[in-house]
Each structure stands twice: as C-alpha cells, then as structure tokens.
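Novice: One structure, as structure tokens, below. Some questions next.
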Amino acid sequence: MAAKKGGLDLHEMEEKWQKNWDKGKIYAFNPKSKKPVFSIDTPPPTVSGKMHLGHAFSYAQQDFSARFRRMKGFEVFYPFGTDDNGLATIRLVEKEKGVKGTRMSRKEFVKIALDVLKVAGPKYVENWKRIGMSCDWSIYYTTINDHCQKISQKSFLDLYNEKRIYRKRTPFLWCPDCQTSIAQVEMKDRECESNFVYMKFDTSIGEQITIATTRPELLPACIMVHVHPDDKRYKKFIGAKAKIPFFDREVDIMANGDVDPEFGSGAVYHCTFGDMDDVEWLEKYKIPAIEIMSKDGRLNEKAGKYEGMKSAQARKAIVEDLETEGRIEKIEKIRHVVNTHERCGTDIEILMTEQWFIKYLDLKNKFLKAGKEMNWHPAYMRSRYDNWIKGLKWDWNISRQRRFGIPIPVWFCEDCGEKILPDEKDLPVDPSEEKAKKKCKCGSNNLKGDPDVLDTWATSSLTPQITAGLFPKIYGKLYPMSLRPQAHDIITFWLFNTVVKSQLHSNVNPWKDIMISGWALDPKGKKMSKSLGNVIEPSEMIGKYSADILRYWAGLKTLGEDAPFKEQEMVSGRKLTVKLYNAGRFVSSLLKDYKGGKGNLNPEDKWILSRLNSMKKEATEAFEGYDFSKALNPTRNFFWLEFADYYIEMVKHRVYNEKGATREAAQFVLLNVYMDVLKMFAPFMPHITEEIYQTQFKKYAKKKSIHLEEWPESEKKLIDRNYEEIGEIAREIIGSTRKQKSEKQMPMNAEVGKIEVFVADAKTEKMVKEISGVIGNTMNVKEISIGQGKAPESAIPINEKISVLVSM
C-alpha cells in the first residue's frame with residue numbers, strides 16, 4: 001500500500017481532507033469563543049530549504065496535543081509562523097541567487113531576500129500542511145514582517161530605557177565567513193587534528209622560555225607570558241621580559257594561578273585572542289589588546305610581513321620562519337576540540353568589535369526560579385536549562401553584522417556620540433535607510449544609523465508576544481501561553497531566551513507547560529547528515545506510505561528521547577491503517593438496520609465496555625501529561641487485540657442470527673466502542689479517521705469533522721473488574737482453541753466437537769459458565785463441559801486456574 005490498498009488511495013485521501021479542513025475552517029481559532037483557551041507557542045521553522053525528518057517527528061508530536069485539546073473542549077490557539085530573518089535565510093538567498101551578501105549594499109540584498117522569501121516561504125509551509133498539522137493557517141506570521149519588526153524593536157527600546165541594554169567595544173565571538181558576531185549558544189565543537197608547536201622565546205635573564213601553542217599565527221598579538229607561581233621550572237622567569245620573535249617588542253612574564261603546569265610546556269603565551277581565557281586575562285591584568293585580525297579573518301598591518309594572510313596560511317609561514325631561526329623545540333600531533341559556527345562550520349575567532357548586549361548575568365537566580373515554576377515534559381529536561389544558566393559567562397550579545405534582519409533602532413550623533421532612539425509610534429524603522437525624526441540633545445542633525453541588525457533569537461524569543469499581539473483584545477487570554485513545544489537541541493537557544501524576554505518585560509513565565517521532543521536519528525542511531533549520506537526525507541516516507549503512517553511512527557516514541565528511524569514501524573502503521581479501515585467498513589455493515597437502542601447487554605458487552613473505559617482513562621491521563629506513546633499503545637492494543645480480534649468475532653452470531661434486545665445490544669456496543677476508538681486515534685492519524693468518520697459513519701456524526709467531536713471520557717460506572725476477568729477468560733479459551741485449529745490446519749469456522757474446561761475453584765467455574773455461550777458460538781463448539789478437579793495431562797493450561805481440552 002505505497003499509495004493504495006483495498007481501493008483506498010491514501011495520498012488522494014489525505015490531500016482531499018487537507019483541502020476540506022482548510023475550506024471548512026475546521027481548525028479556525030474563534031477569538032469570541034467562550035471556551036477556555038489553550039494557546040500553543042508554535043515553533044517557527046527556519047526558511048532554509050527542505051523539511052527534515054526531525055521536523056516531521058517534533059511537529060507531529062505537538063500536533064497530537066493540539067488535536068487532543070481541541071476535542072477536550074478548548075478553543076485552541078495554534079498559529080504558524082516562519083523564522084526568516086537570520087543567517088539560514090541569508091545562506092538560502094546567497095545559494096539560490098549566486099550572490100554574497102557581504103559584497104552588496106544592504107538595500108540591494110534585502111530586496112533580493114524578500115523576493116526569494118515570497119516564493120520560498122509558501123512552498124516551505126506546504127511541507128507542514130502535508131503532515132496534517134491542525135494549525136489555523138490564517139494566523140500566519142514571518143519574523144521579518146512589519147508586525148514582528150515592531151514588537152522586536154519595541155522590546156529593544158523598553159530594555160534600553162530600563163538600562164538592560166548597553167553597547168560596548170569588547171572582545172567577542174566572530175565568524176570570519178559570515179562576518180558577524182555570534183552568541184555563545186551558536187558555537188559548535190568540532191574535534192580535529194592539529195599541531196602543538198613548542199616555540200622558544202629569548203628573555204631578559206639570558207635564558208630561553210618554551211611556550212606551547214596551537215595558534216602560532218597569533219604571535220604578532222602576544223601581550224604577555226603566564227606561568228604558574230608554584231612551577232619550579234619558571235620561578236626565575238617571573239617578573240622578567242620575553243622577547244617576541246620577528247617583532248621588536250618585549251612582554252612581561254607573569255605568575256598566574258589559572259595556568260595548568262601539566263598542559264603543554266606549562267608556559268602560556270597570552271595573545272589577543274586565542275580563546276576566552278585570553279579575554280578574561282585581558283580584563284584581569286588590564287593590558288591593552290593588539291588587534292591583528294580583520295573581520296574577514298585576514299591578518300592586518302600589525303602582523304607585519306604576514307599581513308593579508310588567513311589563519312592557516314599565517315600559521316604555516318610563522319612556523320617555517322621559527323624553524324629557520326632554530327626557535328622550534330618540537331611539534332606534536334594532537335587531536336583537540338575547536339569552536340566553530342554551528343551554521344557554517346567556520347572556526348570561530350575573537351575580535352574587538354562594537355556590540356549590543358542585554359545585561360542578564362545578574363538575574364541567573366531569577367531565571368532558575370522561573371524554570372522551577374514551569375511544568376517540564378519530560379521533567380528531566382529542566383536540568384539542561386539549569387545547567388546552561390549556571391554555566392553562562394557573558395551577557396546576551398543581540399547585535400549581528402549582517403545585510404538582512406531586523407534593524408537595530410538606533411542613530412548615533414556624529415558630533416557628540418549620543419544615541420538617539422525612535423518613538424514607539426514610528427516603529428518599525430530602518431536607521432541605515434531612514435533619517436531620524438528628531439534631533440540629538442546637542443541640537444545636531446548629523447545623525448548616522450546603526451548598520452547592525454538584531455540576532456534572530458532576539459526576535460524569535462518574542463513569539464508568545466508576537467502571536468498574542470495579533471489579537472490585542474484578548475491578549476490576556478493568550479499570553480502567558482499554555483504550551484511551548486520544541487526539540488531539546490534549542491533549549492539553550494529559543495526556550496531560555498524566551499523566558500528571559502518574558503521575565504524582563506512582564507515578570508511572568510511565557511508558558512505553563514513545556515513539551516520537549518527528541519531527535520530523529522538514522523536506523524543505526526546516528527545523527528542524520530548529508531555528509532554521511534544517511535538522511536531520510538519525510539517526503540520520501542510520506543510518498544512510500546502516507547502522512548498518517550509517518551505520524552503513527554512519531555506517536556510510538558517516548559517524549560524527549562532521540563528515536564532511530566525504523567521502517568518496520570512504518571510497515572506496522574500501514575497494517576494498522578488497513579485494519580482500522582476494514583474494521584470500520586465491517587462494523588458499519590452490521591449497523592444498516594440499527595435503530596439506536598441499547599438493548600440488553602451480555603457479559604461480552606460488559607467486558608468490552610469496561611475494557612474500553614479502562615483504556616480511555618489510561619490514554620487520557622497519558623495525553624494530559626504529553627506522554628503520547630502511552631496513549632497510542634493502549635489504544636492500538638485495545639482496538640486490535642481485544643475489539644477487532646475478539647469482540648467483533650464474539651458478537652457476529654448475535655447480529656447475524658438473533659433478533660431483539662440482544663442483537664440491538666451488540667449493535668449498540670459495536671457502534672459506540674468503534675466510534676470512541678476512532679476518535680482516540682484521530683489526533684495521531686487524522687486523515688484516515690476523518691475518511692472513516694465521513695464515509696462509513698456519517699449518519700452517526702454529531703459534528704462536521706471528527707476533529708471537532710468531544711474526546712471520549714472514561715465512565716467510571718462502566719468499569720467492572722469482574723467482567724474484565726470474565727472477558728479475559730473468554731479470550732484465553734478462544735485463543736487456545738484458535739491455535740489448535742491452526743495447528744490442525746482447520747478453518748476457524750470448523751465445528752469443534754467438545755471443549756472440556758477444568759477450573760480450580762467455584763468462582764472461576766461461575767465465570768466460565770457465564771461466558772460459555774459466547775465461546776461456543778464464536779468457535780462453533782458443539783458441547784462445552786465445565787467442572788472443578790484435576791485436569792488430565794493432555795489438557796492445555798491457559799492460566800493458573802484454568803485448563804482446557806479441545807476435542808475436534
């Protein structure tokens with residue numbers, strides 16, 4: 001059933017219902033509704049190419065919750081947006097148009113980018129529609145549109161006025177390829193081979209000191225040499241001067257307790273900047289930096305003859321020159337970890353640049369407290385949030401040196417250096433293209449706009465306010481929001497930053513619940529990567545199976561855990577789809593003359609109704625806790641292993657051969673159990689359940705879509721453990737008899753001469769007698785005898801109290 005099974009084309013069917021839902025506004029949010037609101041802070045995917053399997057996995061899981069809450073009677077606020085103001089969008093534009101943003105004017109690049117997004121955005125969104133997302137697609141935003149720009153720039157103004165935002169020239173993380181600053185959270189570690197170069201420096205005491213480094217190209221920027229105060233090898237050097245090879249400079253040799261004597265030579269050369277230790281020591285010892293690297297990663301005129309070289313080229317040249325002068329003691333091959341930009345993979349440098357920051361290091365305890373007040377699903381994910389906060393070393397850098405993004409709303413006075421901010425009513429603004437509407441305090445009109453843009457996370461961290469702001473009259477009903485669903489890899493990006501903005505602006509948490517999904521991995525449990533050739537496209541799986549079956553796979557996984565993709569689970573989902581569809585057709589065929597009465601319930605009816613309501617209780621509690629696999633598995637097992645495999649077979653005789661109240665009861669139970677099961681599958685497999693609902697059970701439908709039906713609530717009065725035990729006895733005896741028929745290659749409807757049931761006690765005997773008629777009719781048994789006593793050795797034990805002997 002790649003596309004078709006039993007006359008049903010799943011792809012055509014899914015496309016049909018997606019159009020129908022859209023046309024019928026099935027998932028439309030009603031701001032005037034009196035229902036309680038359940039608001040979802042939907043993650044805006046980055047417009048950067050194709051949807052990957054991880055997207056389908058994570059977004060399917062959040063959609064389970066949206067559909068469940070809608071059926072539970074909530075007015076579900078489920079908007080959709082795309083994140084299209086960051087580096088990923090810039091790279092998409094550069095790739096599609098064959099341009100480089102850093103070589104164009106900002107105005108020119110922005111025009112090209114917006115043109116690309118007009119085409120790419122809608123196509124990208126279609127991927128999410130295709131997996132059956134139940135968003136209200138009319139509530140749509142992009143993080144570059146005017147609405148988002150206004151809210152993001154207002155956030156900047158408010159925090160600036162509260163003295164939470166400041167600008168500073170400081171050493172910070174820099175990507176030479178993207179030519180922009182990046183945040184701590186945007187770094188990715190990469191292990192690689194390198195050389196540990198042991199360089200010999202002359203000193204003022206007439207002896208050489210050996211310094212080990214992996215960055216000899218930073219030699220022109222050396223500002224100090226550090227040794228541990230207790231390292232006996234270097235005590236005599238403390239306070240002396242080291243002479244920098246090839247440069248007519250000397251630097252101090254200082255005692256520094258942070259130095260690890262066991263690492264390298266034990267002597268560290270402090271250059272600006274090899275790593276963040278260099279930054280910390282710069283501030284600690286109040287030494288002026290020597291800036292030798294340009295924004296494109298090339299060494300500048302302060303590097304002397306190495307000017308114009310990139311790091312790797314300069315590294316090679318300097319080592320060759322050191323070797324020529326006999327200043328290399330040794331070179332060791334090592335493997336070590338370097339920091340790279342997670343977007344492009346380029347090695348990170350540290351440059352002195354003017355950057356904007358949000359001051360928040362003083363609020364760590366506040367953010368930790370906020371984390372404790374939210375409901376985390378799964379609970380252990382909070383540790384990632386806590387650990388990130390505890391490990392923060394720097395304030396939040398929110399400025400980026402890019403051609404495309406939301407402009408920083410600031411002008412600078414060229415005469416006095418004062419910062420001029422716009423009025424809120426004038427937002428959004430682009431200071432690099434627009435003139436300020438007011439003069440500087442000094443009276444000057446000589447103002448220059450800030451050319452930088454806001455980091456994309458500075459805007460994405462406002463998604464609750466952005467979406468709630470689309471409905472200002474009910475803003476307080478939507479924000480704080482009910483749920484933030486997202487994957488675990490962006491807890492430190494999106495989740496934490498959203499908490500920061502919400503706490504700073506409103507002193508509240510942005511949501512009540514947090515639902516964290518895992519990653520989709522390849523079948524061997526490895527992360528999918530183009531370079532490894534192990535990427536599985538969701539479109540490929542939807543084409544081979546269907547969207548519902550892909551959603552079924554996502555529903556099987558434990559929330560928060562990374563999930564290897566196993567195609568066998570797709571095959572199982574296909575079998576379930578067929579079973580559900582065929583069972584629906586069969587049940588509806590048994591209801592053609594059903595008048596709607598309840599009739600008189602038999603033991604098997606009471607059994608299945610009790611089991612149904614026990615399962616409903618279990619699945620509903622799992623849904624409430626976002627534990628979707630623990631909702632799907634009981635629903636599937638009940639439907640397949642109890643209702644379809646046993647109950648339907650048990651009542652065929654009554655529907656086909658009997659009349660009156662007992663037949664009516666069988667029809668009543670068949671209809672109600674199947675409909676409840678169908679509704680419970682609906683959040684997971686929305687298309688096939690809608691198809692069955694509309695084509696097989698239309699006359700029993702209460703709503704225009706199954707997804708607007710009420711969730712089947714468990715009825716405590718129908719749960720009867722005694723009848724569950726009786727029904728289980730019937731299942732076991734029927735199952736044992738079926739097995740013996742199969743072993744003898746007999747058809748299931750072949751007559752059985754006699755079944756002898758041996759029981760351990762009177763209670764069990766009574767139970768078997770109550771269900772014996774059903775066993776006889778189901779398995780076409782001529783005679784059933786029941787009695788207490790020891791079973792013969794030839795009898796088959798089905799549990800500790802019952803054995804059966806079947807005579808064909």
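The values are calculated or read from the model by the stated rules, or taken from the named source; none is laboratory data. Bear in mind that the values here come from a model prediction, so they are computed numbers and not experimental data. Reconstructed Cβ throughout: ideal geometry from the backbone, glycine too, with neighbour counts over all protein chains shown. Each accessible area value is taken on the protein alone, full model and side chains, heavy atoms only, with ligands, DNA and RNA left out. Shrake-Rupley method; radii C 1.70, N 1.55, O 1.52, S 1.80 Å.
Novice: Hey, Ile796 hits all of (1) open to solvent by less than 40 Å² (accessible area, probe 1.4 Å); (2) modelled with pLDDT of 90 or more but one; which does it fall short on?
Specialist: Just one mismatch for Ile796, condition (1).
Novice: Also, quick follow-up: For the subset of region 214-264 comprising residues that are in contact with a Phe, Trp or Tyr (Cβ under 8 Å, 6 or more places away or on another chain) and in a loop (DSSP other than H, G, I, E, B), which member is farthest from Gly308 (Cα to Cα)?
Specialist: Looking at the filtered set, the residue picked out is His228.
Novice: Hey, another quick one. What's the number of the condition Arg384 fails, among (1) open to solvent by less than 70 Å² (accessible area, probe 1.4 Å); (2) of a type outside the set (Val, Ile, Thr); (3) over 30 Å from Lys439 (Cα atoms)?
Specialist: (1)
Novice: Considering each of Gly469, Gly533 in turn, give the residue that is at pLDDT below 95 and either open to solvent by 10 Å² or more (accessible area, probe 1.4 Å) or among the aromatic types (Phe, Trp, Tyr) (or both). Don't jump to the end; show me each part of the working.
Specialist: Details: Gly469 fails: at pLDDT below 95.
Gly533 is the lone residue from the list that is at pLDDT below 95 and either open to solvent by 10 Å² or more (accessible area, probe 1.4 Å) or among the aromatic types (Phe, Trp, Tyr) (or both).
Novice: While we're here: Any residue in region 192-203 that is farther than 20 Å from Val251 by Cα sitting within a Cβ distance under 8 Å of a residue that is crowded, with 16+ Cβ neighbours inside 10 Å and not aliphatic (A, V, I, L, M)? List the pairs, counting only those 6 or more apart or interchain.
Specialist: The qualifying pairs are Ser194/Thr214; Asn195/Thr214; Phe196/Thr213; Phe196/Thr214; Phe196/Gly264.
Okay, residues lined up against (1) farther than 30 Å from His505 by Cβ; (2) charged (D, E, K, R); (3) over 39 Å from the mean Cα position of the chain (by Cα); (4) surrounded by 23 or more Cβ atoms within 10 Å (Cβ to Cβ):
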site	(1), (2), (3), (4)
Lys163	no, yes, no, no
Trp174	no, no, no, yes
Ser194	yes, no, no, no
Gly206	yes, no, yes, no
Thr214	yes, no, no, no
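Novice: Which one is farthest from the chain's Cα centre (by Cα) among residues in region 402-420 that are part of a loop (DSSP other than H, G, I, E, B) and crowded, with 19+ Cβ neighbours inside 10 Å?
Specialist: Val410
Novice: Could you list, in sequence order, the residues of region 306-315 that are surrounded by fewer than 14 Cβ atoms within 10 Å (Cβ to Cβ) and closer than 18 Å to Cys192 by Cα?
Specialist: Ala312
Novice: Could you look through region 244-263, keep only residues that are touching a strand residue (DSSP E or B) at 6+ places or on another chain (Cβ under 6 Å) and touching a residue at least 40 places away in the same chain (Cβ under 8 Å), and pick out the one that is farthest from Pro220 (Cα to Cα)?
Specialist: Ile253
Novice: In addition: Could you list, in sequence order, all residues of region 498-524 that are open to solvent by less than 10 Å² (accessible area, probe 1.4 Å) and part of a helix (DSSP H, G or I)?
Specialist: Thr498, Val499, Val500, Lys501, Ser502, listed by residue number.
Novice: If you check Val768 against the conditions, is it in contact with a Leu (Cβ under 9 Å, 6 or more places away or on another chain), at pLDDT below 95 and buried (at least 22 other Cβ atoms within 10 Å of the Cβ)?
Specialist: No: the conditions fail for Val768.
Novice: Checking the structure you have, find out if any residue of region 56-71 is modelled with pLDDT under 95, surrounded by 24 or more Cβ atoms within 10 Å (Cβ to Cβ) and within 24 Å of Gly345 (Cα to Cα).
Specialist: No, every residue in region 56-71 fails to be modelled with pLDDT under 95, surrounded by 24 or more Cβ atoms within 10 Å (Cβ to Cβ) and within 24 Å of Gly345 (Cα to Cα).
Novice: Ok, one more. Which of the residues that make up region 358-373 are open to solvent by 10 Å² or more (accessible area, probe 1.4 Å), in contact (Cβ under 8 Å) with a residue 12 or more places away in the chain and not hydroxyl-bearing (Ser, Thr, Tyr)?
Specialist: Lys359, Leu361, Leu363, Lys364, Lys366, Leu368, Glu373
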